[in-house]
Each structure stands twice: as structure tokens, then as C-alpha cells.
Amino acid sequence: METNEKEYSKFQWFLFVVVIPSFFTLIVVFVLLSVTGFNPLGAMKDFATKIPVISSLFNNEENKAQNPKEDEVSVSDLEEEILAKETKVTQLENELETKSGEIQSLEEEIKNLSDELLQLQEERLSKSKSLKELTKMYELMSPKNAAKIIPNLKEDEATEILSSIDTEKLAAIFEKMSPEDAAKFTQLITK
């Protein structure tokens with residue numbers, strides 16, 4: 001058991017006599033050199049760069065020290081890119097407003113055209129009703145009177161009325177018409 005104590009006490013002796021005073025001496029020397037204007041850390045760094053293995057560590061640190069310049073360049077590049085993208089966003093917003101205006105005008109045009117279509121359908125419906133009523137009136141009329149009136153109508157009106165009349169009644173009306181009128185209206189109906 002005494003051997004362990006001796007080894008321990010030798011270690012203590014080495015620590016107290018060699019390591020701590022050497023460490024204290026180094027600190028005092030560094031402080032004194034720094035106060036006198038000599039840069040001991042810079043001198044150590046210069047010395048270490050001459051040693052092959054350690055120089056690679058310092059080269060990496062120097063590269064890192066040069067990177068802030070690259071970072072500054074990349075920051076300015078990023079700022080330019082941001083400005084370009086903001087300009088693009090503004091341009092796209094303007095295009096969006098223009099397209100929205102176009103869409104609104106087209107929607108208004110669609111509404112107007114729908115209104116016109118409804119109006120035309122109503123007119124066609126009323127015209128269809130009046131044509132049915134006219135057709136019914138000519139069917140109720142005697143063929144002789146219908147044959148006298150129909151040639152005096154406009155051709156398109158006469159054609160529409162004659163196309164809608166029942167076949168038997170139409171035959172009776174054609175019998176009472178002059179042959180020229182009957183032939184003319186027959187051709188118009190068959191077109």
C-alpha cells in the first residue's frame with residue numbers, strides 16, 4: 001500500500017514543482033510580452049505555420065477569415081436578387097390587376113349578351129305565337145279568301161304561314177290560287 005502512496009506523492013511533487021510553476025511562468029511571460037507590444041500569439045502562429053501538420057489547421061482558419069469578404073459579396077448578390085424578385089412581384093401584381101379588369105369587362109359583356117339572347121328568345125317566342133295564331137286563322141279561313149290574301153303578303157311571311165298550315169287545307173288553298181302563285185309558293189315551301 002505504501003507504493004501507491006509514494007507514486008501518488010511523486011505525482012503531487014511533479015505537479016507542484018514542475019507543471020504549476022511552468023504554467024505560471026508562461027502566463028507571466030505572455031503578459032509581459034503583450035504589454036511591451038510584442039504579439040506572442042502572432043509569433044506562435046507564424047512559427048506554427050512552418051510546421052507541416054499544424055500549418056494546414058492555420059490555413060483553414062485563414063480561409064475562414066477570407067470568407068467574410070465572400071459573404072459580403074454574396075449578401076450584395078442576395079440583395080440584388082431580392083430587389084429583382086420584388087420588381088417581378090410588382091410586375092405580376094400589375095398584370096393581375098389588368099387581367100382582373102379584363103375579366104370584369106368580359107363578365108359584363110357576357111351578361112349583356114345573355115340579356116340580348118333572352119330578349120331574342122322572347123321575340124322569337126312571341127313571333128312563333130303570332131305565327132301559330134296566323135296559321136290557325138288562315139286554316140279557319142275559306143281556301144278562296146286565303147288564296148286571295150297570301151300572294152299579297154311578303155314572301156318569307158307567306159312561306160312561314162304556308163309551311164305551318166295543315167296539308168289538306170294547303171292543297172285547298174293552292175287550288176284556289178292562280179297557277180303561277182301556286183307554283184311560286186310551292187317552290188318557296190320546298191326550299
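Every residue in the range 143-154 that is surrounded by fewer than 17 Cβ atoms within 10 Å (Cβ to Cβ) and either touching a helix residue (DSSP H, G or I) at 6+ places or on another chain (Cβ under 6 Å) or outside the structural domain of ALA182 (by TED's automatic domain parsing) (or both), please. Talk me through it step by step, then tell me what you get.
Applying the first criterion (surrounded by fewer than 17 Cβ atoms within 10 Å (Cβ to Cβ)) to the range 143-154 yields 144-145, 148-149, 151-154.
Of everything in the range 143-154, those that are surrounded by fewer than 17 Cβ atoms within 10 Å (Cβ to Cβ) and either touching a helix residue (DSSP H, G or I) at 6+ places or on another chain (Cβ under 6 Å) or outside the structural domain of ALA182 (by TED's automatic domain parsing) (or both) turn out to be LYS144, PRO151.
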Checklist entry - Is it the case that some residue within the range 108-128 is free of Cβ contacts under 8 Å to residues at least 12 places away in the same chain, of a type outside the set (Asp, Glu) and loosely packed, with under 10 Cβ neighbours inside 10 Å? => result no
Item to check | Pairs with Cβ under 6 Å, 6+ apart, first in the range 141-168 and within 15 Å of GLN187 (Cβ to Cβ), second of a type in the set (Phe, Trp, Tyr) | outcome: LEU162/PHE185
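The values are calculated or read from the model by the stated rules, or taken from the named source; none is laboratory data. Just so it is clear, the structure is predicted and the values come from calculations on it, not from any experiment. For neighbour counting, all protein chains shown are included, and Cβ atoms are generated from backbone atoms with ideal geometry for every residue, glycine included.
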